[in-house]
Amino acid sequence: MSIDYDVAVVGAGPIGLAAAILIARQAGIPSSRVVVFDRHPPEPLGTNPPPMDLRVFALSRASEKILRAADAWTDIAATRAEPFERMQVWHADVPPHGGDALVFDAAELGERNLGVIAENAVLQAALAGAARRAGIALVAAEITALEQERDAVVLIAGERRVRVKLVIGADGAQSRVRELAGLKAARADYGQTAIVAMVSTARPHEHTAWQRFLGDGTLAFLPLKDAHSSIVWSVPTARAERLLATAPEVFERELESDFDGALGKVKLASERLKFPLWRLSADAYVTARVALVGDAAHVVHPLAGQGANLELLDAAALADVLAEGVKSREDPGAERILRRYERWRRAENDLMSGAIDAFDRLLARGTGRIAGIAQRGMPWVGRSTLAKRLFIERAMGTAGELPAAAR
Ligand SMILES: Cc1cc2nc3c(=O)[nH]c(=O)nc-3n(C[C@H](O)[C@H](O)[C@H](O)COP(=O)(O)OP(=O)(O)OC[C@H]3O[C@@H](n4cnc5c(N)ncnc54)[C@H](O)[C@@H]3O)c2cc1C
């Protein structure tokens, strides 16, 4: 039976789209042999900027390079993206502007910035435009079943059946592809909910990404255009529910207090969204002719702003191993190739996920003796050039083995 496509990506979120484009541009698989399915595929950016999306990402320098390689960066940078030049992290037990805050400065590292704050919808639309320019088909369809044959996988969406050599599951944390392919995932609830909103502040944000560990969670202020900031306020779910239901003025006062007044008076400038938080890791990222990327493979706590950054590295790494396979005339769905991707990215993701988890348990919410030592150790990290360098290299995505698109 004939093969319809070499590669089918399920999910046109930022990670699925990036994977499809990098595979078509860099892995030697023609774009006419790559297809992306999504229930609601995003539209490319039009002449008018899209409405503001409250879901924003702090994109690392490595992510910038990957998105450049995917031909999406120019559009992202031109649509309300805001570079951040500093990161300031401190614990509720120390004052915000005292010497004990941990500060990372782009200038200290000889870089122009540490990354860029960009909206999820802008990322998706810019990548949808790049996919269209590359000639990749973006199809509106919900995948409901999958049949694994020896030489192909059949994807089923309603009456439609599509035979492909490789399926990439990029369909988010509740991945249907993961479930249909029989891949299990370990999931742990953090018992926290992140509140996301846009605010204005009395004092300028100074192009700084601010983060305060609270004792019961974490609060981040990420700089946006026009003196606005995006907040990600991760607190126990019962408190989050109360904060979401409370009047804006009460919410603003509690927010100011949790932020220790670091940017003065705060005013809500949008609705408030909520994201229940959990950690997830698929037991395996690959099986016969199926590979998982993005939230389908792993979900981390947002406190370090690393989820999408790690996942863009996954997408680029998968394109690299497929490129090597194509060069040696291997079948792109061959498990031997896919295992290479899993070995490469799983180790890195597990390391980061464990570290982020430890930040949450010790720095954000810890109360015991060990947590106290970790919290008091933060200023030490700030004073040690080596420790600082190790932290910042991870945050910028320049540590570890980098895929070609991120170099
Ligand atoms: C509060 C919060 C703050 C965050 N902040 C940051 C940050 O600062 N920096 C960072 O790097 N990361 C951050 N993240 C993480 C980031 O949001 C995720 O890593 C990223 O959104 C995952 O993208 P994805 O493409 O894997 O999945 P998604 O964006 O969920 O896309 C999945 C797509 O699959 C489609 N789909 C699903 N099922 C099917 C099906 N059966 N058939 C067809 N299509 C299907 C959906 O329609 C959707 O378009 C944050 C996360 C949260 C919750």
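The values are calculated or read from the model by the stated rules, or taken from the named source; none is laboratory data. In this text, all values refer to a predicted model and were calculated from it rather than measured experimentally. Heads up, the Cβs are rebuilt from the backbone with ideal geometry, glycines too, and the neighbour counts pull from every protein chain shown. Protein only, heavy atoms only, side chains kept; ligands, DNA and RNA dropped before computing areas. Shrake-Rupley method; radii C 1.70, N 1.55, O 1.52, S 1.80 Å.
Could you list all residues from segment 187-233 that are more than 16 Å from Glu256 (Cα to Cα) and among the basic types (Lys, Arg)?
Listed by number, the residues that qualify are Arg187, Lys225.
Mind checking which strands (runs of 3 or more DSSP E) fall wholly inside segment 190-295 and carry at least 2 residues that are under 26 Å from Phe84 (Cα atoms)?
On the way: elements: 208-213, 218-223, 228-236, 266-268, 273-282, 290-292.
Once the strands (runs of 3 or more DSSP E) in segment 190-295 are filtered for at least 2 residues that are under 26 Å from Phe84 (Cα atoms), what remains is 208-213, 218-223, 228-236, 266-268, 273-282.
When you check Leu222 against the structure, is it open to solvent by less than 60 Å² (accessible area, probe 1.4 Å), hydrophobic (A, V, I, L, M, F, W, C) and under 30 Å from Lys165 (Cβ atoms), yes or no? Break it down into steps so the answer makes sense when it comes.
Working: open to solvent by less than 60 Å² (accessible area, probe 1.4 Å): yes; hydrophobic (A, V, I, L, M, F, W, C): yes; under 30 Å from Lys165 (Cβ atoms): no.
Considered against the rule, which asks whether it is open to solvent by less than 60 Å² (accessible area, probe 1.4 Å), hydrophobic (A, V, I, L, M, F, W, C) and under 30 Å from Lys165 (Cβ atoms), Leu222 comes out as no.
Among the numbered criteria (1) of a type outside the set (D, E, K, R); (2) open to solvent by 10 Å² or more (accessible area, probe 1.4 Å); (3) out of contact with any Ser or Thr (no Cβ under 9 Å at 6 or more places or on another chain); (4) away from the ligand (no atom under 16 Å from the Cβ), which single criterion is violated by Met352?
Failing condition for Met352: (4).
Those residues that are at positive phi, crowded, with 21+ Cβ neighbours inside 10 Å and in contact with a strand residue (DSSP E or B) (Cβ under 8 Å, 6 or more places away or on another chain), I need them from segment 248-303; list them, please. I'd like the intermediate steps shown before the answer.
Step one: filter segment 248-303 for residues at positive phi, giving 260-261, 264, 289, 294.
Cutting the leftovers down to crowded, with 21+ Cβ neighbours inside 10 Å gives us 289, 294.
Arg289, the sole residue that qualifies.
If you take the residues in segment 163-213 that are more than 24 Å from His228 (Cβ to Cβ) and of a type in the set (Val, Ile, Thr), which one is surrounded by the fewest Cβ atoms within 10 Å (Cβ to Cβ)?
To start, the set of residues in segment 163-213 that are more than 24 Å from His228 (Cβ to Cβ) comprises 163-192.
With the extra rule that they be of a type in the set (Val, Ile, Thr), the set shrinks to 164, 167-168, 177.
Numbers: Val164: 23, Val167: 29, Ile168: 30, Val177: 26.
In this case the residue turns out to be Val164.
Could you please find all residues in segment 326-337 being part of a helix (DSSP H, G or I) and either open to solvent by 70 Å² or more (accessible area, probe 1.4 Å) or touching a residue at least 60 places away in the same chain (Cβ under 8 Å) (or both)? Lay out the reasoning, then the answer.
Residues of segment 326-337 that are part of a helix (DSSP H, G or I), as a first pass: 326-327, 335-337.
Correct list: Val326, Lys327, Glu335, Arg336.
What tally of residues in segment 110-131 results from selecting those that are modelled with pLDDT under 95 and more than 14 Å from the ligand (Cβ to nearest atom)?
4
Can you spot a residue in segment 241-252 that is small (Gly, Ala, Ser) and within 11 Å of the ligand (Cβ to nearest atom)? Write out each step before concluding.
Our first condition is that a residue be small (Gly, Ala, Ser); within segment 241-252, this holds for 245, 247.
Next, only the ones that are within 11 Å of the ligand (Cβ to nearest atom) stay: none.
No: segment 241-252 contains no residue that is small (Gly, Ala, Ser) and within 11 Å of the ligand (Cβ to nearest atom).
Hey, can you tell me all the residues within segment 367-407 that are modelled with pLDDT of 75 or more and among the aliphatic types (A, V, I, L, M)?
Within segment 367-407, Ala399, Leu402, Ala404, Ala405, Ala406 qualify.
Just to be sure before I move on: is Val7 among the β-branched types (Val, Ile, Thr), more than 16 Å from Gly294 (Cα to Cα), touching a strand residue (DSSP E or B) at 6+ places or on another chain (Cβ under 7 Å) and buried (at least 18 other Cβ atoms within 10 Å of the Cβ) in the structure I sent?
Working: among the β-branched types (Val, Ile, Thr): yes; more than 16 Å from Gly294 (Cα to Cα): yes; touching a strand residue (DSSP E or B) at 6+ places or on another chain (Cβ under 7 Å): yes; buried (at least 18 other Cβ atoms within 10 Å of the Cβ): yes.
So Val7 fits the description; yes.
For segment 168-189, how many residues are more than 11 Å from the ligand (Cβ to nearest atom) and over 18 Å from the mean Cα position of the chain (by Cα)?
8
Being more than 12 Å from the ligand (Cβ to nearest atom) and without any contact (Cβ under 8 Å) to a residue 60 or more places away in the chain is true for just one of Ala152, Ala92, Ala107, Ala134. Which residue is that?
On the way: Ala152 fails: without any contact (Cβ under 8 Å) to a residue 60 or more places away in the chain; Ala92 fails: without any contact (Cβ under 8 Å) to a residue 60 or more places away in the chain; Ala134 fails: without any contact (Cβ under 8 Å) to a residue 60 or more places away in the chain.
So the residue among Ala152, Ala92, Ala107, Ala134 that is more than 12 Å from the ligand (Cβ to nearest atom) and without any contact (Cβ under 8 Å) to a residue 60 or more places away in the chain is Ala107.
Read through the list (1) open to solvent by 20 Å² or more (accessible area, probe 1.4 Å); (2) over 18 Å from Ala315 (Cα atoms); (3) outside any strand (DSSP E or B), then give the number of the only condition that Leu146 fails.
Tallying (1) open to solvent by 20 Å² or more (accessible area, probe 1.4 Å); (2) over 18 Å from Ala315 (Cα atoms); (3) outside any strand (DSSP E or B), Leu146 fails exactly one: (3).
Tell me, please, whether a residue that is of a type in the set (S, T, N, Q) and either touching a residue at least 12 places away in the same chain (Cβ under 8 Å) or within 16 Å of the ligand (Cβ to nearest atom) (or both) can be found in segment 273-296. Step through it out loud before you land on a result.
First pass over segment 273-296, keeping only residues of a type in the set (S, T, N, Q): 281, 287.
Imposing the further condition that a residue be either touching a residue at least 12 places away in the same chain (Cβ under 8 Å) or within 16 Å of the ligand (Cβ to nearest atom) (or both) reduces the set to 281, 287.
Yes, segment 273-296 contains a residue that is of a type in the set (S, T, N, Q) and either touching a residue at least 12 places away in the same chain (Cβ under 8 Å) or within 16 Å of the ligand (Cβ to nearest atom) (or both).
Could you run through segment 222-257 and say how many residues are touching a residue at least 40 places away in the same chain (Cβ under 8 Å), of a type in the set (D, E, K, R) and within 20 Å of Asp189 (Cα to Cα)?
Number of matching residues: 1.
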